[in-house]
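The values are calculated or read from the model by the stated rules, or taken from the named source; none is laboratory data. Model, not experiment: these values are computed from the prediction. When we count neighbours, we look across all protein chains shown, and the Cβ atoms used for this are built from the backbone with ideal geometry, even at glycine.
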Amino acid sequence: MLVKKVFYRELVSNASKIFIVLVFILPITELFKLLDQAASGNIPTITLLTMMIYGTIASFPMILTIACFLTVVITINRFCKDHEFAIWLSSGLSPFYWLRQVAIFSLPMSIICAISSMYITPWATSKSQNYVEFLSKQQTNMIISPGIFKEDGGIIFYLEHYSLNPGIAKKIFLQYTDNNESPVTYNVTAQAGRIDNDNGIFGVTLINGNRYDLMSARDTRIVLHFDQFRASVKQQYTPLEKARMEMPTSTVRQLLSDPSTHAQSELSWRLSIAIMMFVMCFLAVPISIQTGRVQNSLIFVLPPIIYAVYENFILSLNGYIKDGKISIIAVFFVHILMLLFAVLLTYVKTFPKGYLFSKNKQ
């Protein structure tokens, strides 16, 4: 009872510290990714803070997985370095005892991770997408200032009156330059027009107006009367593809009712995140039990390698599921194999020399 109390207290203490550190690090990483998308014009710059918060919430399962895995590794390895683990092993507590204690600790964490990946992550992704789409529709109204000249990309725009709801403007003025053959500047005026937003492009349609060609000679003016004239005034940004965002924002009920391979792949990945967390905590036990000098160096090599191979293999299988080449059951066979591999490593660690010989052992 005393051993379990000390072990759980150490796990909770390390988990809280690691979780807090990751919570502070991940938003910064998320912000740098969003800055890259904002620089390429995929998202408006004013959405960075909100999308960073939603991105951090959506990444909560990943934070929890890394925190729990590092917690088990650091806790058991610290016991081994301080020779506490050797005393407990010599007292009759086998590695399987610690495997059982880690399972008790990681099972509720895996349930929380599953709930987060199934519900919280899609909710945060959906809110982020809806926020971007909302600003896509409202960005036109934000840049319109009646009575003030606006300039963007060499285009000068002015209107005197604007009605927000129908998008009707009055007394509109445009000036732009045509650089096809020889640069020619045009002034376009109209008494009325309509402002709209077509897939992120701020445009204006002028009705019953005139276009004046401003040639190099001051006394030369060519006037063209038109019934309708449309001009793209400002390129806001390129909206995210809805197909790419559709599955990550789908609810569990929608995924279960959708027989498509894309829905099965998304459901498989959400379940795999929680299962991977539980399996990796299992793997952390035999990896962390290092009593020799040579074995002790493996703690810095094996965990990232195994985790990277495990995660990339699951992602590859999800790609095959999306293409319809394999069934979703194949992913669960991989999780079972990794769980058996963890049990096998733990069994090998019950032997005196472990799974590698150590130079400092007699």
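Test of understanding: among SER106, SER126, which residue is in the same structural domain as ILE28 (by TED's automatic domain parsing), over 23 Å from the mean Cα position of the chain (by Cα), part of a helix (DSSP H, G or I) and hydroxyl-bearing (Ser, Thr, Tyr)?
SER106
Table: residues versus (1) under 26 Å from TYR307 (Cα atoms); (2) modelled with pLDDT under 80; (3) in contact with a Pro (Cβ under 6 Å, 6 or more places away or on another chain); (4) among the hydroxyl-bearing types (Ser, Thr, Tyr).
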{"residue": "ILE18", "(1), (2), (3), (4)": "yes, no, no, no"}
{"residue": "ILE25", "(1), (2), (3), (4)": "yes, no, no, no"}
{"residue": "GLY41", "(1), (2), (3), (4)": "no, yes, no, no"}
{"residue": "ALA67", "(1), (2), (3), (4)": "yes, no, no, no"}
{"residue": "THR71", "(1), (2), (3), (4)": "yes, no, no, yes"}
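Could you list all residues from the range 316-327 that are in a helix (DSSP H, G or I) and over 15 Å from VAL279 (Cβ atoms)?
Those that are in a helix (DSSP H, G or I) and over 15 Å from VAL279 (Cβ atoms): SER316, ASN318, GLY319, TYR320, ILE321, LYS322.
Restricting the search to the range 248-267, which residues are out of contact with any Lys or Arg (no Cβ under 9 Å at 6 or more places or on another chain) and in a helix (DSSP H, G or I)?
The answer is ARG253, GLN254, LEU256, SER257, ALA263, LEU267.
Have a look at ILE87, ILE172 and point out the one that is of a type in the set (Val, Ile, Thr), part of a helix (DSSP H, G or I) and modelled with pLDDT of 75 or more.
Result: ILE87 is the single residue among ILE87, ILE172 that is of a type in the set (Val, Ile, Thr), part of a helix (DSSP H, G or I) and modelled with pLDDT of 75 or more.
Six or more apart or on different chains, Cβ atoms under 7 Å: show the pairs whose first residue is in the range 71-84 and in the same structural domain as VAL12 (by TED's automatic domain parsing) and whose second is at pLDDT below 75 and among the polar types (S, T, N, Q).
Qualifying pairs under 7 Å: ASN77/GLN290; CYS80/GLN290; CYS80/THR291.
So GLY92 clears everything in (1) at pLDDT 75 or above; (2) within 30 Å of LYS5 (Cβ to Cβ) except one condition, right? Which one?
Exception for GLY92: condition (1).
Determine the pairs where a residue that is modelled with pLDDT under 75, located within the range 294-321, has a partner that is in a helix (DSSP H, G or I) and surrounded by fewer than 18 Cβ atoms within 10 Å (Cβ to Cβ) with Cβ atoms under 9 Å apart, the partner being 6 or more residues away or on another chain.
Partner pairs satisfying both residue conditions: ASN296/LYS81.
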